[in-house]
Amino acid sequence: MIKWKTFAIGCSLALALLLIAQHKPSMPDPNVYRAVIDLTHNVNNHSPNWEGSEQSPFQAKELGNIERDGYYSRVFTTEEHYGTHLDAPAHFAKGMWTVDQIPVERLVRPLVVLDVRSKARSNPDYEIGVQDIADWESAHGEIPTGGVVMAYTGWDERWNSQKEFRNVGSDHLSHYPGFSLEAVKFLVKTRSVVGLGIDTMSVDIGASTTFPVHLFTSNQSVYHLENVANLGLVPPSGAMVVVAPIKLEGGSGGPARVMALVK
């Protein structure tokens, strides 16, 4: 009788191990991606800020000291929309997703990079248009459904100078490139993009005072990534983007670590 119980227990254990093995998630193949590109600027107290103030919105104060306490830690404060950050739909649309409510599956998506540097170089108020999208698709095929589209304007080269990055003119408005509403409507309505990104301070052009792109996309549950870095290291197509914002409950936005996985 004892032998039969031992045999039955052994069979049950073997079956359980087999079921676990069958349902164990497969590990990512390290050979699938040849590089991981960091698209994030460091968060510090000397990055450009929206207001252009000399007093940085980022402040950090030491809390724990190795010599004194045996550990190192800090307390920091910052704006939700500072440095490389995510704009949640709630930023411009009441009742839409806050940062913590954005479904995680929308944060890992195919990445498209529109290189408009030559146009932005000659026109700081350049708006990425439908023709830029058509040119990209002519070269690389249709933009993947549900992807994230980022504009590479070359503006991140100005990051170390608040004056150059904000580029305020005699009209007291900033002048830097952004997306046109027409292009964004095309991307959202026909390509179902879930996110827009850019290496400037806003997906709208700097001189905008009405923010039409923000208003439209927020009501379409599309998030934004602003002040993105290193887009020149990412191919126009074929990469995946991983967006990791701080999971700030009720946040209109928040600092984000953004990475491109390049095949």
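The values are calculated or read from the model by the stated rules, or taken from the named source; none is laboratory data. Everything numeric here is computed off the predicted structure, so don't read it as measured data. Methodologically, a virtual Cβ is constructed for each residue, glycine included, from the backbone with ideal geometry; neighbour enumeration extends over all protein chains shown.
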If you take the residues of the range 48-79 that are in contact with a Phe, Trp or Tyr (Cβ under 7 Å, 6 or more places away or on another chain) and assigned to a loop (DSSP other than H, G, I, E, B), which of them is surrounded by the fewest Cβ atoms within 10 Å (Cβ to Cβ)? ASN65
Condition first: touching a residue at least 60 places away in the same chain (Cβ under 8 Å) and more than 18 Å from the chain's Cα centre (by Cα). Can you find one or more residues in the range 168-180 that meet it? yes
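Determine, yes or no, whether SER202 is assigned to a loop (DSSP other than H, G, I, E, B), under 20 Å from ASP132 (Cβ atoms) and under 14 Å from the mean Cα position of the chain (by Cα).
Numbers: assigned to a loop (DSSP other than H, G, I, E, B): yes; under 20 Å from ASP132 (Cβ atoms): yes; under 14 Å from the mean Cα position of the chain (by Cα): yes.
Yes; evaluated as a whole, the condition is true for this residue.
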Determine which single condition GLU157 fails, assuming it passes every other condition in (1) crowded, with 18+ Cβ neighbours inside 10 Å; (2) under 19 Å from the mean Cα position of the chain (by Cα); (3) over 29 Å from LEU248 (Cβ atoms). (1)
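Looking at LEU215, LEU248 in this structure, which one is more than 13 Å from the chain's Cα centre (by Cα), aliphatic (A, V, I, L, M), outside any loop (DSSP other than H, G, I, E, B) and surrounded by fewer than 18 Cβ atoms within 10 Å (Cβ to Cβ)? Give the derivation first.
Numbers: LEU248 fails: outside any loop (DSSP other than H, G, I, E, B).
Answer to the selection: LEU215.
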Out of the range 144-177, which residues are closer than 17 Å to THR84 by Cβ and of a type in the set (Lys, Arg)? ARG158, ARG166
Subset tally (residues that are of a type in the set (A, V, I, L, M), farther than 19 Å from LYS189 by Cα and surrounded by fewer than 19 Cβ atoms within 10 Å (Cβ to Cβ)) for the range 99-144: 3
Sole residue being of a type in the set (A, V, I, L, M), modelled with pLDDT of 95 or more and in contact with a helix residue (DSSP H, G or I) (Cβ under 9 Å, 6 or more places away or on another chain), chosen from VAL234, VAL222, VAL258: VAL222
